[in-house]
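Enquirer: Before anything else, here's the structure in question.
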Amino acid sequence: MKRFVLTICFVVLLVYNLFAQSYGLRFYSHESLPEKRTALELAPLDSLKFAGDVKLVFDMNFVQGHEIYFGYVLRIINGRQNIDIIYDQPTAMFRVITGQKFSGISFSIDSAHLFNRWNTITVLMEPSKQKLQLFVNNKNFGSANVSFNDNSFKFLWGANDYNIYQTRDIPPMRVKDIKLFDKDELKYYWPLDEVAGNASIDVKNKRQASIKNPDWIKPAHQNWSLINSFLLNGNAITAFDQQSQLLYIAASDSVLTYSLKTAQNAWQCYPVKTVNLLPGSQAIYDTITKRLLDVFIDEKKVIVYKPGHENWIDSFYDSLPTEYGHANKFINKADTSLYIIGGYGQLKYKNLVQRYSITKKSWEILKTKGDFFPPRYLSALGLNANGDTAFIIGGYGSPSGEQMLQPGNYSDMYAFDIKSQSFKKLFSLDTIFSKYTFANSLIIDSKNQQYYGLVFPNDSFNSNLQLIQGSLIKPTVKFLASKIPYSFYDAQSFADLYYSPAADKLLAVTIFGPKFESKDKYSSVKIYSLDFPPDTITGSESPTPEGNTYPVIIFSVLALTIVTFFIAQRKKKTKAVNPVVPATPETIRTTRTINETLPEPSLEDPHPQIHHIESHYIEERKMQSAVLLFGQFQVFDKESNDITELFTPLIKELFLLIVIYTFRNGRGITSEELNEILWSNKSVKDAKNNRSVNMTKLKNIVERVGNCTLAKKSNFWQFQVSDDPVYIDYVEFKQLLKEITEIDKEHIRQILKIASKGSFLSQTEYGWLDDVKAEVSNFIIDTCHNYLARVNVFDDAEFVIEIANCIFYFDRLNEDALEYKCKSLIYLKRHALANKTYTKFVKEYKDMYGEDFDKSFSEIIKSNSHTHI
């Protein structure tokens, strides 16, 4: 038994390490005000006591782009004896100081390692020998005699306020995996893998480390951060200079640059003489001539900007809309030429490969060889490290190039050999990618044979960019990081992805430009960053095609093995009283003990997947012929199969419009209203054709759900059900809304049951849906508040916590819910969880509003504004 458990634990730890994420603590340094700099102290209320020799091990590196690196990496206090590791910037040396003198121990770390890799620092303290030794990356850098007072130590990283050892001089650094050994036995371990809060917990003995002004690393690898946004005159373009690590954003009267090499004065703006940058033109930085190029293929013309100058060389004439929108491009150093592939305009998709000689200023259309490359646009392209192969993936188009002849999304990967001018199809991705198109560029990792790109559904204006990582040699892909809001309206929209090795960051740029011939010519530009390498987000809704399921499979097998083992053990001891009923995928049984609580919404995942419901009821329902709108959108057919993936973004929106309008107003929705919402940019005839085609597709899907159909009644499209009912949670909600005359506990339980999966269509955003969401949210929040206002919350604190969590699904910054939940947790003596709830709320409040929450934890739990006793 013991051997089995140890084996399972070992395998779990091994799997965990295989799929470990980036983590650690980044320190705010000289770039911040003194009081805003980061401090880390282990066991702040006391010294840590040891029985024998003490070994401290931790990983650290420096953050690039800063001017000042001088400061204290670490201070160890033993009575009146201090041991310091300081970085001496003029000599680029780390020095060890004991007391008021240099110990004689010093070391340096190669800049490539210091900034780009984790370096393991080991400090061995031997009080019995009065000796100190230092190791860096397993190399011994010397020893020194030290007068240790006893075996009690304090450990301080960065800034600190401890007695006479106070300091604010700290280098911009990162630290992780702090381990303390007593007689070579691991006694304490702080991974520093938190995502929020001012504390870190030792995984061995639960000792708490205190952190002031933390900058946790993990969220920066999971969540895109908006670093700037602009409203610029005219049409905006973007490009990236890989050599200088400069992002360029150019508009008609200015050029902005963002440096990834420095943290100070990173943004620069250069006014320029007004230039006509046409919609559909694209920029690229030429590292050969060190100039920014803007190309408008229709005019076979390239205009040039030399960084720092006051004007562009040449300009464009006013022109008709481009015929090469969202084409892909790259510069080949071997022949100093710009290559343009594909594009769209005037109802035609292109597969031309055009070449512009930068030195000769001449254009030509190349005759390509190899596999047929179907005409397309909205693809992504990236060059390998050698610069001899361009990889092109995805897009939207048709084999004939005609928009009227079966256009659709592509999910294939091609390699274009530049020297031989030939295409080779490598593979096609999983069918799940038939819903997506790509931002303009791919980031190619030739060493690991991987690529990174941004995908988005191209049939919705309110779309989202999602980062993916894929293989260059097989069709495996995984989704990474959070989503980026993206307004997609074909020629007016543009998105691109760049990678900065200097900062180890990915940059995403979105542009929403002016309409063609619009009087108000402004472009909205947003720039996002993500620390590299990117990580997945636990509980993310992103789909998981083949190639990203290994962790799930391994853990599932482990879980099944453990369960099977313990069932077998139990059978040996006693015979079952009741026959065992096997669980099946068709059955969802929702049960919960009284002490469990709903998973809490967070900034990273405000609507986590709920598998169980905290309540005092047990419900068993087959997910058969069901439409679920609370939480994630899901549809099950009459054989209990999840058929959600059959709904493309456009068909999904069409279906939701008909279902919601049918049961919200009892009438349905007219064809004219559908045209206005879904096809407002098309003529009446084209809108009608599009509606007919998509309605046919939708009816075929709906037939699989059960005895239901889409039908027109008195000019209104309706979702109609006959005989055996189809379960729709929104219909159940609407019925409950009608029935409630006086709120009681049973009504609240029904609300919690409906809302157990999350807020209404939590991952779906449409303009027309906002009022519906507000109606649902307001009813649930107001009903919960009204109930809580009339009862003694301490009579059933568990139920109050459940209600508060439900409110947080619909309003994660609801102060009343915070108060109810914290008070109830305190009443149940769950003080740590109450404090954690408050800390998370405060952080999300600051992230949302840019200011501190004005109530302390004490004020929240002591307030009498809502609690009735």
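The rows are residues; the columns are (1) more than 20 Å from K840 (Cα to Cα); (2) open to solvent by 30 Å² or more (accessible area, probe 1.4 Å); (3) in contact with a Pro (Cβ under 9 Å, 6 or more places away or on another chain).
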site	(1), (2), (3)
K183	yes, yes, no
Y189	yes, yes, no
G197	no, no, yes
R207	yes, yes, no
P219	no, no, no
N235	yes, no, yes
D241	yes, no, yes
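Enquirer: State whether one or more residues within the stretch 493-500 are in a loop (DSSP other than H, G, I, E, B) and either without any contact (Cβ under 8 Å) to a residue 24 or more places away in the chain or at negative phi (or both).
Expert: Residues of the stretch 493-500 that are in a loop (DSSP other than H, G, I, E, B), as a first pass: none.
No, the stretch 493-500 contains no residue that is in a loop (DSSP other than H, G, I, E, B) and either without any contact (Cβ under 8 Å) to a residue 24 or more places away in the chain or at negative phi (or both).
Enquirer: Can you work out which of the residues in the stretch 494-505 that are at pLDDT 95 or above and hydrophobic (A, V, I, L, M, F, W, C) is farthest from the chain's Cα centre (by Cα)?
Expert: For the stretch 494-505, the residue satisfying everything is F494.
Enquirer: Here's a follow-up. When only residues in the stretch 624-652 that are within 20 Å of M695 (Cβ to Cβ), of a type outside the set (A, V, I, L, M, F, W, C) and in a loop (DSSP other than H, G, I, E, B) count, which is most open to solvent (accessible area, probe 1.4 Å)?
Expert: Among residues in the stretch 624-652 that are within 20 Å of M695 (Cβ to Cβ), of a type outside the set (A, V, I, L, M, F, W, C) and in a loop (DSSP other than H, G, I, E, B), the one most open to solvent (accessible area, probe 1.4 Å) is T648.
Enquirer: How many residues does the stretch 69-92 hold that are assigned to a strand (DSSP E or B) and either of a type in the set (K, R) or open to solvent by 50 Å² or more (accessible area, probe 1.4 Å) (or both)?
Expert: Taking the stretch 69-92 and keeping what is assigned to a strand (DSSP E or B), we get 71-78, 81-88.
Checking the rest, the ones that are also either of a type in the set (K, R) or open to solvent by 50 Å² or more (accessible area, probe 1.4 Å) (or both) come to 75.
Here the count works out to 1.
Enquirer: State all residues of the stretch 420-436 that are modelled with pLDDT under 95 and under 26 Å from A239 (Cα atoms); if no residue qualifies, say none.
Expert: Y436
Enquirer: Follow-up. Look through the stretch 221-233, keep the residues that are within 30 Å of L292 (Cβ to Cβ) and either among the small types (G, A, S) or surrounded by 20 or more Cβ atoms within 10 Å (Cβ to Cβ) (or both), and return whichever of them is farthest from the chain's Cα centre (by Cα).
Expert: Pass one, the stretch 221-233, residues within 30 Å of L292 (Cβ to Cβ): 224-233.
Still in the running and either among the small types (G, A, S) or surrounded by 20 or more Cβ atoms within 10 Å (Cβ to Cβ) (or both): 224-225, 229, 232.
On the way: W224: 6, S225: 9, S229: 19, L232: 27 Å.
Going through the qualifying residues, I end up with L232.
Enquirer: Taking into account only those residues within the stretch 737-781 that are over 28 Å from the mean Cα position of the chain (by Cα) and not in a helix (DSSP H, G or I), which is surrounded by the most Cβ atoms within 10 Å (Cβ to Cβ)?
Expert: I743
Enquirer: Please go through the stretch 653-674 and pick out each residue that is open to solvent by less than 30 Å² (accessible area, probe 1.4 Å) and out of contact with any Gly (no Cβ under 8 Å at 6 or more places or on another chain). Walk me through it before giving the result.
Expert: At the first step, the residues of the stretch 653-674 found to be open to solvent by less than 30 Å² (accessible area, probe 1.4 Å) are 653-660, 662, 668-671, 674.
Hits for the stretch 653-674 are E653, L654, F655, L656, L657, V659, I660, G668, I669, T670, S671, L674.
Enquirer: Also, quick follow-up: Give the residue, chosen from A481, A491, that is open to solvent by less than 10 Å² (accessible area, probe 1.4 Å), more than 18 Å from N233 (Cβ to Cβ) and modelled with pLDDT under 95. Before the answer, list the steps.
Expert: Working: A491 fails: open to solvent by less than 10 Å² (accessible area, probe 1.4 Å).
Answer to the check: A481.
Rundown of residues vs (1) more than 17 Å from I669 (Cα to Cα); (2) surrounded by 14 or more Cβ atoms within 10 Å (Cβ to Cβ), yes/no style:
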residue	(1), (2)
D686	yes, no
S692	no, no
E703	yes, yes
N707	yes, yes
F716	no, yes
S722	yes, no
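Enquirer: Just to confirm my filter: which helices (runs of 4 or more DSSP H) fall fully inside the stretch 785-869 and include at least 3 residues that are surrounded by fewer than 17 Cβ atoms within 10 Å (Cβ to Cβ) and within 33 Å of the chain's Cα centre (by Cα)?
Expert: Numbers: elements: 797-810, 815-827, 831-849, 857-862.
Where helices (runs of 4 or more DSSP H) fall fully within the stretch 785-869 and carry at least 3 residues being surrounded by fewer than 17 Cβ atoms within 10 Å (Cβ to Cβ) and within 33 Å of the chain's Cα centre (by Cα), they are 831-849.
Enquirer: Take the stretch 662-680 and flag every residue that is free of Cβ contacts under 8 Å to residues at least 40 places away in the same chain and of a type outside the set (D, E).
Expert: N665, G666, N675, L678, W679, S680
Enquirer: Filter the stretch 477-492 for residues that are on the phi > 0 side of the Ramachandran plot and in a strand (DSSP E or B) and give the result.
Expert: Within the stretch 477-492, A481 is the sole residue that qualifies.
Enquirer: Return a yes/no flag: does the stretch 699-706 have any residue that is among the hydrophobic types (A, V, I, L, M, F, W, C), out of contact with any helix residue (DSSP H, G or I) (no Cβ under 6 Å at 6 or more places or on another chain), assigned to a helix (DSSP H, G or I) and over 30 Å from I861 (Cβ atoms).
Expert: yes
Enquirer: OK, next. Hey, any hits in the stretch 685-700 for a residue that's of a type outside the set (A, V, I, L, M), in contact with a strand residue (DSSP E or B) (Cβ under 6 Å, 6 or more places away or on another chain) and either at pLDDT 85 or above or over 27 Å from D459 (Cα atoms) (or both)?
Expert: Narrowing the stretch 685-700 to residues of a type outside the set (A, V, I, L, M): 685-686, 688-692, 694, 696-697, 699-700.
Retained after the next criterion (residues that are in contact with a strand residue (DSSP E or B) (Cβ under 6 Å, 6 or more places away or on another chain)): 699.
If we keep only those that are either at pLDDT 85 or above or over 27 Å from D459 (Cα atoms) (or both) as well, we get 699.
Yes, there is a match, as at least one residue in the stretch 685-700 is of a type outside the set (A, V, I, L, M), in contact with a strand residue (DSSP E or B) (Cβ under 6 Å, 6 or more places away or on another chain) and either at pLDDT 85 or above or over 27 Å from D459 (Cα atoms) (or both).
Enquirer: Of (1) part of a strand (DSSP E or B); (2) open to solvent by 20 Å² or more (accessible area, probe 1.4 Å), K474 satisfies all except one. Which?
Expert: (1)
Enquirer: Tell me, please, whether a residue that is among the hydrophobic types (A, V, I, L, M, F, W, C), part of a loop (DSSP other than H, G, I, E, B) and open to solvent by 10 Å² or more (accessible area, probe 1.4 Å) can be found in the stretch 380-396.
Expert: yes
Enquirer: For the condition surrounded by 14 or more Cβ atoms within 10 Å (Cβ to Cβ) and part of a loop (DSSP other than H, G, I, E, B), what is the one hit in G308, G280?
Expert: Only one candidate qualifies: G280.
Enquirer: Let me ask something else. Filter the stretch 168-181 for residues that are open to solvent by less than 10 Å² (accessible area, probe 1.4 Å) and either of a type in the set (V, I, T) or assigned to a strand (DSSP E or B) (or both) and give the result.
Expert: Residues of the stretch 168-181 that are open to solvent by less than 10 Å² (accessible area, probe 1.4 Å), as a first pass: 170-173, 175, 178, 180.
Within the stretch 168-181, I170, M173, V175, I178, L180 qualify.
Enquirer: Going through L465, L472 one at a time, which residue ends up being in contact (Cβ under 8 Å) with a residue 12 or more places away in the chain and under 17 Å from the mean Cα position of the chain (by Cα)?
Expert: Numbers: L472 fails: under 17 Å from the mean Cα position of the chain (by Cα).
Sole residue among the options that is in contact (Cβ under 8 Å) with a residue 12 or more places away in the chain and under 17 Å from the mean Cα position of the chain (by Cα): L465.
Enquirer: Among the residues of the stretch 354-377, are any closer than 23 Å to L405 by Cα, out of contact with any helix residue (DSSP H, G or I) (no Cβ under 7 Å at 6 or more places or on another chain) and in contact (Cβ under 8 Å) with a residue 60 or more places away in the chain?
Expert: Within the stretch 354-377, not a single residue is closer than 23 Å to L405 by Cα, out of contact with any helix residue (DSSP H, G or I) (no Cβ under 7 Å at 6 or more places or on another chain) and in contact (Cβ under 8 Å) with a residue 60 or more places away in the chain.
Enquirer: Within the stretch 311-369, take every residue that is part of a strand (DSSP E or B) and open to solvent by 70 Å² or more (accessible area, probe 1.4 Å) and give me the one that is modelled with the lowest pLDDT.
Expert: Going through the qualifying residues, I end up with I313.
Enquirer: May I pose another question? Being touching a strand residue (DSSP E or B) at 6+ places or on another chain (Cβ under 9 Å), farther than 27 Å from W216 by Cα, surrounded by fewer than 18 Cβ atoms within 10 Å (Cβ to Cβ) and of a type in the set (S, T, Y) is the requirement here; does T98 meet it?
Expert: In short, no.
Enquirer: Also, quick follow-up: Applying the selection to the stretch 104-143, what residues are basic (K, R) and within 37 Å of the chain's Cα centre (by Cα)? Give the steps one after another, and end with the answer.
Expert: Within the stretch 104-143, the subset basic (K, R) is 117, 129, 131, 139.
Listed by number, the list holds a single entry, R117.
The values are calculated or read from the model by the stated rules, or taken from the named source; none is laboratory data. These numbers were taken from a predicted model, which means no experiment stands behind them. All Cβ positions, glycine included, derive from the backbone under ideal geometry; neighbour counts span all protein chains shown. Keep in mind that these areas ignore ligands, DNA and RNA; they rest on the heavy atoms of the full protein, side chains included. Shrake-Rupley method; radii C 1.70, N 1.55, O 1.52, S 1.80 Å.
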